[in-house]
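The structure appears below as structure tokens.
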Amino acid sequence: MAWLRRNLVIIVGLLVMAYILMPNVVVTVFSFNKPSGRYNYQWNEFSLDAWLHPCASAGMCEALGLSLWVAVVSSLVATVIGTAAAFALGRYRFRGRGATNLLVFFPMATPEVVMGSSLLTLFVAMGIPSGQGTILIAHILFTLSFVITTVKARVASLDPALEQAAADLYARPSQVFWRVTFPLVAPGIAAGALLAFALSFDDYIVTNFNAGATTVTFPMYVWGASQRGTPVQINVIGTVMFVGALAIVGIAQAIGARRRKVAP
Amino acid sequence: MTKPTTSSGPLRLVGLTRHFDDFVAVAGIDLEVPAGSFFALLGPSGCGKTTTLRMVAGLEEPTAGRIYLGDEDITATRAYQRRVNTVFQSYALFPHLSVLDNVGFGLRQLKVADWKQRSMEALELVQLADRSRQRPRQLSGGMQQRVALARAIVNRPEVLLLDEPLGALDLKLRREMQIELKRIQQEVGITFIHVTHDQEEAMTMADTVAVMNAGHLEQVGEPAALYDRPATAYVASFLGQSNLLPLEGFSDPGGEFVTAHAHGNGLVVERAQLPKGMPLDGGFAEGAPSVHLGIRPEKLRILSPDEAPSANRLGGTVTDASFTGVATTYLVAMPWGQELTVTRPNDGSLRARPGDAVVLGWDPHQSFVVSEAL
């Protein structure tokens, strides 16, 4: 009993971790499966087939490439526009600032079904053909709010005396921005960009409304595939994404730890 | 860092004014700060002293007036163009840069080749050379304060501005830093302008103190002069404690002294203490600004019966006596109800108890006269 009492926090913690990570473990394990039928739901036999031929499933790698391309471009554009907007909203007082702050929240609060369908209505009404262009426009639109909110929090926490000190120490306005403001706001901008990338990459609902008949992103492909049978390659991509995300977090932590450990 | 710089000239403010919408923060200040001096701008919070400092730094634009550094009019120049550096109240150290890079920031902007060596010398001056590779947040408040100081003086500015730099430190550290700042100022010879609301700090550190109130200057002078001869009731009560006796008028018997009338008492006052244009023919005109005679608590004596008669005598009753170690502070009620504060050193001289009837006396050279509403 005493042992249990001492280690209860650790045990519960491990159980919660197991609960959270179970899907990832299943995905990884089943990426080494050789299913007997079309569905990869039952363990049959160990195989490296899917890992050795990741693009064997027709159309999957094209869909993956499109999703990555859309995610990179839309998160870049949203980060640039969103950072500029965050500085304006966090720094300056102007007419309509309060209203803008409120409106920025609407895309986050709107159900995706509503946003996706109304965007489609808009594109059809304006005669814009659905496809990669409309997907990009939609993704920039709904990731922008997240970037603005993330960067704005960082800008607001910045002590204005720091920029004044830089100006006092002979830095011109552009030098103040690149030597002091930008390095201090950069973690917020990076967080906003990563968030935008992740949101864009895995979006299904809004994308599905605005993709048109022939454009297929990775989430759309997975959804479509699950109707007809699930190729093991999906598990391979899922595992790679998970390990990649872990690696990014690990590297960030290591850099942070090294920075804190500067020699006295 | 041992060779003193010679500044190009004094800092002059001419009619310097700053409005924030309807609020007048600084109401036309004229001031000359001699090159190489340690100057204190003293006043309560909201008196406009920080705004004045920020206008000198170029961080705030004056509504009117000019700023001269030597012969040069720097009013229209930007902060980064002025050879003026600031030690900010919050220190404003760059958290993403090491201590050395913080100190070297200005020199690198000025494209000084040996910035690293000079920055290390500045860190040695503030005794932090061994911390050069650390980040600001790894240092204590007092150390951060010294880094901020090193970051400013390393550039050898014409004028160094200090905005309440000791406000965030505890009392002991503050005393140490006051001495340290004075030592560094003498060593580098740069003009220091120190903004503070702490009258003791201003008086211990500065050669010259300017007292500010509600956007204008009340009085400028050496600390001892301000204390002994305050020009206004405001300065008298802001710098230390004062007993202010309301006066009804003066009469002039001729000679070095005149007679001041207060509640039926004739008090001897030095003629040189009187403000200009003070009428000496009895009472003051109706509606004229009120005039007070001021005496510092430590200048008042409790006269013993066998003591030589003093020129000035006021009888009263002791209402309170509080022992503070080095001195005892008495409250003595006058017949007209006013209580005077008397501070006597505990040097074995006459002690009084509450309820005692005492006679207070003082040297006419040690009082002062101020005229205006309190």
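Values quoted throughout were computed directly from the atomic coordinates according to the rules given, and no laboratory measurement underlies them. These figures come from a predicted structure and were not determined experimentally. Positions of Cβ are generated from backbone atoms using ideal geometry, with glycine treated the same way; all protein chains shown enter the neighbour counts.
Would you look at the GNM of chain B, springs on alpha carbons closer than 10 Å, and say which of B:Thr86, B:Thr259, B:Thr232 moves the most?
B:Thr259
Restricting to segment B:11-226, compute how many DSSP beta bridges are antiparallel as a %, nearest 5.
On the way: 20 of 38 bridges.
Of those bridges, close to 55 percent are antiparallel.
Farthest toward the dipole's positive end in the protein assembly as shown, which of B:Trp115, B:Leu173, A:Leu14, given Cβ charges of +1 (Lys, Arg) and -1 (Asp, Glu) about the Cα centre?
In the protein assembly as shown, that residue is A:Leu14.
Could you list A:Tyr41, A:Tyr221 in order of exposure, starting from the residue whose Cβ has the fewest other Cβ atoms within 10 Å? Before the final figure, lay out each step's value.
Working: A:Tyr41 10, A:Tyr221 23.
Least to most surrounded, the residues fall as A:Tyr41, A:Tyr221.
Could you list B:Met278, B:Met212 so that the one with the fewest beta carbons within 10 Å of its beta carbon is first and the one with the most is last? Each step should come with its number before you reach the end.
Details: B:Met278 18, B:Met212 26.
Neighbour counts put them in this order, fewest first: B:Met278, B:Met212.
Pick out which of A:Phe105, A:Phe30, A:Phe209 has the largest mean-square fluctuation in a Gaussian network model of chain A, springs linking Cα atoms closer than 10 Å.
Top of the fluctuation ranking is A:Phe105.
Treat every Asp and Glu Cβ in segment A:58-230 as -1 and every Lys and Arg Cβ as +1, leave all other atoms uncharged, and give the resulting dipole magnitude about the Cα centre to the nearest 20 debye.
Working: 9 positive and 7 negative charges, 97 e Å.
About 460 debye.
Kindly state, to the nearest 0.05, the FRET efficiency for A:Leu68 paired with A:Trp43, given R0 = 35 Å and r defined as their beta-carbon distance.
0.70
Taking the alpha-carbon centroid of each part, what is the distance from segment B:141-202 to segment A:1-70 in angstrom?
Measuring centre to centre over Cα atoms gives 61 Å.
Per residue of segment B:266-277, what does 6.51 cos²θ - 1.76 cosθ + 1.60 with θ = phi - 60° give for ³J(HN,Hα)? Whole Hz please, x for Gly and Pro, Karplus curve as stated.
With the stated coefficients, segment B:266-277 comes to x, 10, 7, 10, 5, 4, 5, 7, 6, x, 4, x Hz.
Would you tally the net charge around A:Lys34, using a Cβ to Cβ cut-off of less than 11 Å, leaving A:Lys34 out, and scoring K and R as +1, D and E as -1?
Neighbourhood net charge equals -2.
Expressed as a rounded percentage, what relative contact order does segment A:2-49 have, with Cα pairs under 8 Å and six or more residues apart?
On the way: 27 pairs, mean separation 11.2, N = 48.
Averaging sequence separation for qualifying contacts and normalising by length gives 23 percent for segment A:2-49.
Projecting each Cα onto the charge dipole of the protein assembly as shown (Lys/Arg +1, Asp/Glu -1 at the beta carbon, about the Cα centre), which of A:Val243, A:Gly224, A:Pro173 comes out farthest on the positive side?
With unit charges placed on the Cβ atoms, the residue in question is A:Gly224.
Tally Lys/Arg at +1 and Asp/Glu at -1 over every other residue whose Cβ is under 14 Å from the Cβ of B:Asp198; what's the total? Kindly include the intermediate steps, with their values, before the conclusion.
Values: positive: B:Lys49, B:Arg174, B:Arg175; negative: B:Asp163, B:Glu164, B:Asp170, B:Glu200, B:Glu201.
Its environment carries a net charge of -2.
Test of understanding: in a Gaussian network model of chain A with alpha carbons linked when under 10 Å, which of A:Pro107, A:Pro129, A:Pro160 would top the mean-square fluctuation ranking?
Top of the fluctuation ranking is A:Pro160.
Based on the mean of other Cβ atoms within 10 Å per residue, sort peptides B:261-269, B:139-147 so the most packed one is first. Numbers along the way, then the final one.
On the way: B:261-269: 16.3, B:139-147: 19.2.
Packing proxy ranking, top to bottom: B:139-147, B:261-269.
Counting other beta carbons within 10 Å of each Cβ, put B:Thr343, B:Thr50 in order, fewest first. Please report the intermediate quantities before stating the final value.
On the way: B:Thr343 17, B:Thr50 21.
Placing the least packed residue first, the sequence is B:Thr343, B:Thr50.
Which of B:Ile190, B:Gln138, B:Asn213 sits closest to the plus end of the dipole of segment B:11-226, meaning its Cα is farthest towards the positive end, when Lys and Arg get +1 and Asp and Glu get -1 on the C-beta?
B:Gln138
Let me know the mean shielding of B:100-111 by other chains, meaning the per-residue number of their Cβ atoms within 10 Å of its Cβ.
Per residue, the number of nearby Cβ atoms from other chains is 3 on average.
Just to be sure I understand the model, the point goes 7 Å from the Cα along the line to the Cβ. What's the resulting B:Ser251 to B:His216 distance in nm?
Going by the 7 Å Cα→Cβ label model, 3.5 nm.
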